[in-house]
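So the structure is just underneath, and the comments pick up after that.
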Amino acid sequence: MSVARKPRVGTYGADALEIRNLTKRFGGEVALDDVSLSVRRGEVHGLLGSNGSGKSTLIKVLAGFHTPEPGADIRLYGKSVPLPIPGPKVRELGLAFVHQHLGLIPSLSVTENLYLGTLANADDWRISWSAAHRRAGEVFARFGLSLDPRMEVGRLSAVQRALLAIVRAYEDLRHASADHAERPGVLVLDEPTPFLPRAGVEQLFGLVRQCVDVGASVIFVSHDVDEVREITDRATILRDGHLIDTVVTAETAHEAFVERIVGRSMAAYESAAKPHATQETVADVTGLAAPGVGPVSFTLAAGEIVGMTGLIGSGFDNIPALLYGARPGTRGELSLRGRSFALSSLTPEKALRHRIAYLPADRLGEAGVSSLSVGDNIALPVYERIRGPFGLTDEGVAAHAHAVAGRAGVKPNAPGLPLAALSGGNAQKALMAKWLQTEPQLLLLDEPTQGVDVGARQQIWDALGDTAETGAAILIASTDYDQLAQLCHRVLIFARGRIVAELSGRDLTKHHIAEHCYRSMPQPA
Amino acid sequence: MSAGRVNESDRSYEERIALLEEKIQLLESSMDRPPARAPGRDWVLWFERYGLLIAWAALIGVLGTVRPDQMFAWNSYATMLGSNAMIVVLTLALLLPLTTGDFDLSVASIMGLSSMLIAVLNVKAGVPIVPAILVAVLVGAAIGAINAFFILYFGIHSLIVTLGTGYFVNGVILWISDSATIAGVSAGLIKAVILTRVLGVPIGFYYATALTLVIWYVFQHTSLGRRLLFVGRGREVARLSGVNVVRMRTGALIASGVIAAFAGVLYTGMRGAADPSSALAFLLPAFAAAFLGSTAIYPGRFNAPGAFVAVFFLSTGIMGLNFLGVDSFVQNLFYGGGLVIAVSISQLIRGRRPMD
């Protein structure tokens, strides 16, 4: 890490980007509460905060996706921009974005991707590809990158793709500001690093420094405290929609960042975790590994609810699907009440036979079919059980689903409705009930309460608690620290695919979980 | 940050939650009542289900006012029901892969090959009719398996694979028949398909009806049928719910080949001969009927009774127009237009979401 980098504070003219009194509400929910911050010329400005802190809302306001509440003022180089920001014109205003998914088209060449904006918008009837490739080559040479302009983007490494996306955003800015070089623009990098190896991050940072050296400003959005400390000059921390602080990075310690992200008020939350008594092991996982994860080993006891969490990209969210045999290329061994089998040969079919159930996070893509009825969605795993003398009937399916959904508190309890007609919370209750009726001995959940309202959330927690009491082991992957602290007996923290901490008993608080997540990043060499 | 601010934000948080919960209560209580649906909604549903039957009756009525002696004669219908039996069977062959989310464009070719194989084996090679039929059906199954292999092992879109295999099979038909019509198929088959009549209707119609009932039962009243539907609507959901998606899709494609081959048996029996090209013309009518049928009886999903009604709705229209002396090109207009209109109607039911 570069110690004591001198802050490149601009000495001339207005700030590159100035945001004043920005508020954004979604219904009654305040996502951003009177946020004001400024990004200086030639500065790398970090934007930090945990999930739900308002980071993404802020970025989306800048990109023109959201309309801020009246009263906000956003200025670029001293000039107010119209609000809401006109999405298609952000580039001309001097803003360029690189989102986490990068926005590249894998089947096209590097050059085609680099000039995508121009190609998509300009009418050019005589494109000379050799000239375009040459121009692209010159651009990469200027940044000291060795990218082959003719290469298909799908064949680039993850790092190269990220670099290409950043170069493209920078070039777009440079073209847009060609006639006003004194306003070089602001580049917004929205979580570009979580899936990159360490060496790739270094390379990416090198590129970011080159961009600011020529006068552009960069907003660097991240979860990762160490990366923010390494690359930024100043950083702004958001929490629950409030601006907590803007700090000069070189003067701020790691601890101080974590404190601001997590907040001290959490100390008020006492651990809700119940001590877990039984020692009878249900599942014993050894050497679980897959691309980007592991190897990790852990055990789950009867009646135990174990949480898994970490920062984005740490791999914890893959564990439930891997233990269910839902992804190819899984290695390791799962021993279920003494019967062990290789994870490489596990399939969902086989997992279900061994009474393992898995509820994916993608509610309407993987967990349930929105166009089919609630009744069929619930009855799918137990069709054989509810056959009558004439086989399955709609009435039989509906009666069964009505009983199951009634117990789960699904409202309205109308099995004939398509699943799409239910609210997020009620759809989740129904899909949870689908698996609970199979009486699993190992229940795997991925973000079970994402997008679920408060009331439904409590009902789902209660249902999980009851299921654990019957002797099932439950594994929950989630980034909702509050949920983990209240629901789990034990929480495993992941970083870079490995378990780096285990919290239980009195240590299991929202505060501790968050602290360990942000502290668990390997220190840069 | 001051302690005062924390408390304040905590309190407003509590307040917000209380407000939200109140709102949820309100929503829930308002949602608890409606399941006793408004009577108008039931009527719409009923109309959706039986609209095609009503349209069929209306079609007969309208054409009947112009040509009453032909349109209201049982004999016309007896002939029409019998001669469209193999289209019903061919449509049923399509339904299975369509339900699991695959298109099978090779069904008409399989029907043609089956028809030609029976004729070649029976007439030219002197093979008795029953073994000849068995060979034809087995070949149908084999082509279904080949389709499944390319679709599932290589992950190619079913449209491309079956377009290719269908065209390939057309070549095989021309090859084994020397591009000539082969007549003189065993009278036993003709008798078993068209000469025997029950209530004046050739017995082939009853085969098609029986098969319709079987497929209706499988789709509606067995767990297999429901799983097939899940495979088509949400492959990932089905897979993660323990359904063997590959086996289901393979089974549907092989069954499609077998049923299409059976349609070929009926086609040969109906005419006592096989020609190398006419079977291919039935691909579009079968698709039109499958999609039009998916707007009726069980609206929104491919279903056997709907397809059955759709075939006879379309063929009644064509029969009537023939009685009016309209040229034979009207058949193309009717089937082609029927397909597009049927899909448009089902898209309206689906709320105009793009098709997968």
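Assorted remarks:
- When region A:44-67 is filtered for residues that are of a type outside the set (Val, Ile, Thr), at pLDDT 85 or above and more than 15 Å from residue A:94 (Cα to Cα), the ones remaining, listed by number, are A:45, A:46, A:47, A:48, A:58, A:60.
- Taken as a whole, the structure leaves residue A:147 outside the set of residues that are surrounded by fewer than 20 Cβ atoms within 10 Å (Cβ to Cβ), touching a residue at least 24 places away in the same chain (Cβ under 8 Å) and farther than 27 Å from residue A:24 by Cβ.
- Residue list for region A:380-403, restricted to those being more than 7 Å from chain B (Cβ to nearest Cβ) and either in contact with a Leu (Cβ under 6 Å, 6 or more places away or on another chain) or touching a residue at least 40 places away in the same chain (Cβ under 8 Å) (or both): A:382
- Sole residue being touching a strand residue (DSSP E or B) at 6+ places or on another chain (Cβ under 7 Å) and among the hydroxyl-bearing types (Ser, Thr, Tyr), chosen from B:115, B:76, B:106, B:83: B:115
- Extreme residue, nearest to the chain's Cα centre (by Cα), among residues of region A:239-264 that are small (Gly, Ala, Ser) and surrounded by 18 or more Cβ atoms within 10 Å (Cβ to Cβ): A:241
Residue-by-condition table, conditions (1) buried (at least 17 other Cβ atoms within 10 Å of the Cβ); (2) within 30 Å of the chain's Cα centre (by Cα):
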| position | (1), (2) |
| --- | --- |
| A:73 | no, yes |
| A:77 | yes, no |
| A:84 | no, yes |
| A:101 | no, yes |
| A:116 | no, yes |
| A:131 | no, no |
| A:141 | no, no |
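- The helices (runs of 4 or more DSSP H) falling completely within region A:93-157 that include 3 or more residues that are among the hydrophobic types (A, V, I, L, M, F, W, C) map to A:116-121, A:129-142.
- Within region A:360-379, considering residues that are more than 9 Å from every other protein chain (Cβ to nearest Cβ) and not small (Gly, Ala, Ser), the one farthest from residue A:336 (Cα to Cα): A:374
- Apart from one condition, residue A:482 fits all of (1) within 14 Å of another protein chain (Cβ to nearest Cβ); (2) out of contact with any Lys or Arg (no Cβ under 9 Å at 6 or more places or on another chain); (3) of a type outside the set (Gly, Ala, Ser); the exception is (2).
- Which numbered condition residue B:194 misses (of (1) part of a loop (DSSP other than H, G, I, E, B); (2) away from chain A (no Cβ under 14 Å); (3) not charged (D, E, K, R)): (1)
- Selection within region B:212-262 - of a type in the set (A, V, I, L, M), touching a Phe, Trp or Tyr at 6+ places or on another chain (Cβ under 8 Å) and more than 9 Å from chain A (Cβ to nearest Cβ): B:228
- Positions within region A:428-458 being without any contact (Cβ under 8 Å) to a residue 60 or more places away in the chain and within 13 Å of chain B (Cβ to nearest Cβ), in sequence order: A:429, A:437, A:452, A:453, A:454, A:455, A:456, A:457, A:458
- Scanning region A:340-359 for residues that are among the hydrophobic types (A, V, I, L, M, F, W, C), over 14 Å from residue A:444 (Cα atoms) and more than 28 Å from the chain's Cα centre (by Cα), we see that the one that is farthest from the other protein chains (Cβ to nearest Cβ) is A:342.
- Scanning region B:169-190 for residues that are touching a residue at least 12 places away in the same chain (Cβ under 8 Å) and of a type in the set (Gly, Ala, Ser) gives B:177, B:179, B:180, B:183, B:184, B:186, B:187, B:188.
- Set A:506, A:457, A:490: member being of a type in the set (Lys, Arg) and at pLDDT 85 or above: A:490
- For region B:258-317, the tally of residues that are of a type in the set (Lys, Arg) and crowded, with 24+ Cβ neighbours inside 10 Å stands at 0.
- Residue list for region B:200-224, restricted to those being touching a residue at least 60 places away in the same chain (Cβ under 8 Å) and among the small types (Gly, Ala, Ser): B:200, B:204, B:208
- For region A:319-337, filtered to residues that are in a helix (DSSP H, G or I) and within 14 Å of chain B (Cβ to nearest Cβ), the residue that is farthest from the chain's Cα centre (by Cα) is A:323.
- Residue within region B:109-116 that is modelled with pLDDT of 95 or more and farther than 19 Å from residue B:145 by Cβ present: yes
- When residue A:406 is tested against (1) more than 7 Å from chain B (Cβ to nearest Cβ); (2) under 21 Å from residue B:237 (Cα atoms), just one condition goes unmet, and that condition is (2).
- Test result for residue B:269, in contact (Cβ under 8 Å) with a residue 60 or more places away in the chain, in contact with a Leu (Cβ under 8 Å, 6 or more places away or on another chain), closer than 30 Å to residue A:354 by Cβ and assigned to a helix (DSSP H, G or I): no
- Region B:318-349, subset among the hydrophobic types (A, V, I, L, M, F, W, C) and within 18 Å of residue B:87 (Cα to Cα), residue surrounded by the most Cβ atoms within 10 Å (Cβ to Cβ): B:342
- Selection status of residue B:132, within 19 Å of the chain's Cα centre (by Cα) and crowded, with 17+ Cβ neighbours inside 10 Å: no
- So residue A:177, is it farther than 30 Å from residue A:311 by Cβ, crowded, with 19+ Cβ neighbours inside 10 Å and at pLDDT below 85: yes
- Matching residues, region A:191-238, being assigned to a loop (DSSP other than H, G, I, E, B) and within 22 Å of the chain's Cα centre (by Cα): A:191, A:192, A:193, A:194, A:195, A:196, A:197, A:223, A:224, A:232
- The residues of region B:101-118 that are closer than 15 Å to residue B:87 by Cβ and under 12 Å from the mean Cα position of the chain (by Cα) amount to a single one, B:107.
The values are calculated or read from the model by the stated rules, or taken from the named source; none is laboratory data. All of these numbers come straight from a predicted model, not from anything done at the bench. Every residue, glycine as well, gets a Cβ built from its backbone with ideal geometry; the counts of neighbours run over all protein chains shown.
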